[in-house]
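Please see the structure below; I have some questions.
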Amino acid sequence: METKVPVRRDSFPLLSDDDLATCVHCGLCLDACPTFRVTGLETESPRGRIYLMTQWKRGTMPFQEEQVRHIDLCLGCRTCEAVCPSGVPYGRIIETGRAEVEAHRRPSLKRWASRTALRQLVAYPERLRAMGSVTRAAQRIGLTSMLRPGRQLPQLRRPFERPLGGIAPAIGQRKHRVAFLVGCVMPIMYPQSHEAAVKLLQLAGCEVWFPKNERCCGALLAHNGDLEGAEVLREDNTRVYAAQNFDALIVDSAGCGAHLKDFYPALKGRVKDLTEWLAEIGLPEPKHDVAMRVTYQDACHLAHAQRIRKPPRDLIRSLPGVEFVEMRHPDICCGAAGLYSTLEPDMSNRILQEKLDDLLTTGAEVVTAANPGCQMQLESGLRSRGSKMRVEHISELLLRAYEPAAV
Ligand code: SF4
Ligand code: SF4
């Protein structure tokens, strides 16, 4: 039966009237929105979602569970924000909108499970690590493919380890002192990407500090509508980062970088994506050719939220021997979007199919990205198409020019 909750004005206090009012309903964002591209429905567009949240906020439309679906199906990719001529802060609107929806909607097992997993597992690195060990063991005996056919985790390796003493020294002259975000999922899923990133930083003359007791940055919780849970993590981390001096906090996961830039005022101006930082300080002369045809997938939270598109491309093009080829629509979301591919597998898969078509027409041997979610989504999709194209984090691709045997 349809659930209608009458709403009064101010029933959605987190949503800002001023933010919502910036939308002039021009529709220029529609073609850039992955869910609109797939469905052609106004309700699955940025304009439709902003309209819906505005009506809830003003109390001119009752809150209905059926309409929440349109909010759930938003990837939070912020492509609309990047193309909007009116400067609509869509990232902030959807995060606060999701928090409001969580406060109003009927409880469901799916929502409870995702929130609990984020608060009780992702927020505690040691618990996540233990789960990673169990999963690795299960993968070795083929249990995970039996349990979950279709989209699968990457084959897990030994997790990323901080160096003894929590410092990785600069190679050659020390020019910078940076902190490195180890994060929650990345050290378990893609330790080799972190290892390559740290090695590049060392080669570029950085002493790398690994803050002890650092926790998940809070991005995954905030994107899931759990603003309180994210705030707890941010308070803990802010204390951890205050313990030492550093020139920049380096992040090699786009979603985390965007969250740290937006919500850690004490780090203002010092949070740097790995590609942004390396393009700024420069890498030494490459030692080896990287004779490969390579394409690049813009991670949404790098291209749209952080507006970083040129540095990664410049770094790839600087590799000797590389043949760089752009795919069609490199900045359209691949459908990963944090927990989205798990919570909304059908829409995620529909969005992925266009991405795979675009990828495969490039004839590239390697597709590179700067975010673990994109890596996992593209790997899974390419496998499902029987393609031999490899997916590499940009750190691994760049390291090929210095230590090809390490990759
Ligand atoms: S979000 Fe921006 S581009 Fe989209 S309809 Fe509103 S004003 Fe136009
Ligand atoms: S964040 Fe992405 S999916 Fe959501 S409305 Fe904007 S463009 Fe569409």
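Taking the condition of being of a type in the set (Val, Ile, Thr) and within 27 Å of Ser114 (Cα to Cα), how many residues in segment 182-235 meet it?
Kept after step one, since they are of a type in the set (Val, Ile, Thr), are these residues of segment 182-235: 182, 185, 188, 198, 208, 232.
If we keep only those that are within 27 Å of Ser114 (Cα to Cα) too, we end up with 182, 185, 188, 232.
Residues in segment 182-235 being of a type in the set (Val, Ile, Thr) and within 27 Å of Ser114 (Cα to Cα): 4 in total.
Please work out if Glu396 is in contact (Cβ under 8 Å) with a residue 60 or more places away in the chain and either of a type in the set (S, T, N, Q) or farther than 28 Å from His288 by Cβ (or both).
On the way: in contact (Cβ under 8 Å) with a residue 60 or more places away in the chain: yes; either of a type in the set (S, T, N, Q) or farther than 28 Å from His288 by Cβ (or both): no.
The answer is no for Glu396.
When you go through (1) within 19 Å of the chain's Cα centre (by Cα); (2) modelled with pLDDT of 90 or more; (3) not hydrophobic (A, V, I, L, M, F, W, C) one by one for Arg162, which number turns out not to apply?
Failed condition: (1).
Could you say which residue among Leu20, Leu15, Leu73, Leu28 is closer than 21 Å to Ser341 by Cα and either at pLDDT 95 or above or touching a Ser or Thr at 6+ places or on another chain (Cβ under 9 Å) (or both)? Outline the logic, then answer.
Details: Leu20 fails: closer than 21 Å to Ser341 by Cα; Leu15 fails: closer than 21 Å to Ser341 by Cα; Leu28 fails: closer than 21 Å to Ser341 by Cα.
Exactly one residue qualifies, and that residue is Leu73.
Just to check your reading of the model, which residue among Gln306, Gln375, Gln353 is under 16 Å from the mean Cα position of the chain (by Cα) and part of a helix (DSSP H, G or I)?
Working: Gln306 fails: part of a helix (DSSP H, G or I); Gln353 fails: under 16 Å from the mean Cα position of the chain (by Cα).
Result: Gln375 is the single residue among Gln306, Gln375, Gln353 that is under 16 Å from the mean Cα position of the chain (by Cα) and part of a helix (DSSP H, G or I).
Continuing with this model, one more query. Residue by residue through segment 111-142, note down the ones that are farther than 22 Å from Arg234 by Cα and touching a Leu at 6+ places or on another chain (Cβ under 7 Å).
Met131, Gly132, Thr135, Arg136, Gln139
Inside segment 280-317, can you point out the residues that are crowded, with 16+ Cβ neighbours inside 10 Å, within 27 Å of Gly363 (Cβ to Cβ) and of a type in the set (Gly, Ala, Ser)?
Listed by number, the residues that qualify are Ala299, Ala303.
When you check Gly91 against the structure, is it surrounded by fewer than 16 Cβ atoms within 10 Å (Cβ to Cβ), within 14 Å of ligand 1 (Cβ to nearest atom), in contact (Cβ under 8 Å) with a residue 60 or more places away in the chain and closer than 27 Å to Leu220 by Cα, yes or no?
Details: surrounded by fewer than 16 Cβ atoms within 10 Å (Cβ to Cβ): no; within 14 Å of ligand 1 (Cβ to nearest atom): yes; in contact (Cβ under 8 Å) with a residue 60 or more places away in the chain: yes; closer than 27 Å to Leu220 by Cα: yes.
No.
If we keep just the residues of segment 202-235 that are under 17 Å from Gly257 (Cα atoms) and out of contact with any helix residue (DSSP H, G or I) (no Cβ under 8 Å at 6 or more places or on another chain), which is surrounded by the most Cβ atoms within 10 Å (Cβ to Cβ)?
Restricting to residues being under 17 Å from Gly257 (Cα atoms) and out of contact with any helix residue (DSSP H, G or I) (no Cβ under 8 Å at 6 or more places or on another chain), the top hit is Glu231.
Go through (1) touching an Asp or Glu at 6+ places or on another chain (Cβ under 7 Å); (2) in a strand (DSSP E or B) one by one and return the number of the condition Gly321 breaks.
Unmet for Gly321, out of (1) touching an Asp or Glu at 6+ places or on another chain (Cβ under 7 Å); (2) in a strand (DSSP E or B): (2).
Which members of segment 39-74 meet the condition of being touching a residue at least 40 places away in the same chain (Cβ under 8 Å) and within 15 Å of ligand 1 (Cβ to nearest atom)?
Hits for segment 39-74 are Pro46, Arg49, Ile50, Met53.
Still on this model: Being surrounded by fewer than 19 Cβ atoms within 10 Å (Cβ to Cβ) and not polar (S, T, N, Q) narrows it down to one of Asp31, Asp19, so name that one. Outline the logic, then answer.
Numbers: Asp19 fails: surrounded by fewer than 19 Cβ atoms within 10 Å (Cβ to Cβ).
Step by step, each of Asp31, Asp19 is checked, and only Asp31 is surrounded by fewer than 19 Cβ atoms within 10 Å (Cβ to Cβ) and not polar (S, T, N, Q).
Out of Ser318, Ser341, report the one residue that is within 14 Å of ligand 2 (Cβ to nearest atom), polar (S, T, N, Q) and either in contact (Cβ under 8 Å) with a residue 24 or more places away in the chain or closer than 18 Å to Ile394 by Cβ (or both). Quick ask: steps written out before the conclusion?
Numbers: Ser318 fails: within 14 Å of ligand 2 (Cβ to nearest atom).
It is Ser341.
The values are calculated or read from the model by the stated rules, or taken from the named source; none is laboratory data. Predicted model, so just to flag it, every value in this text is computed and none were measured. Methodologically, a virtual Cβ is constructed for each residue, glycine included, from the backbone with ideal geometry; neighbour enumeration extends over all protein chains shown.
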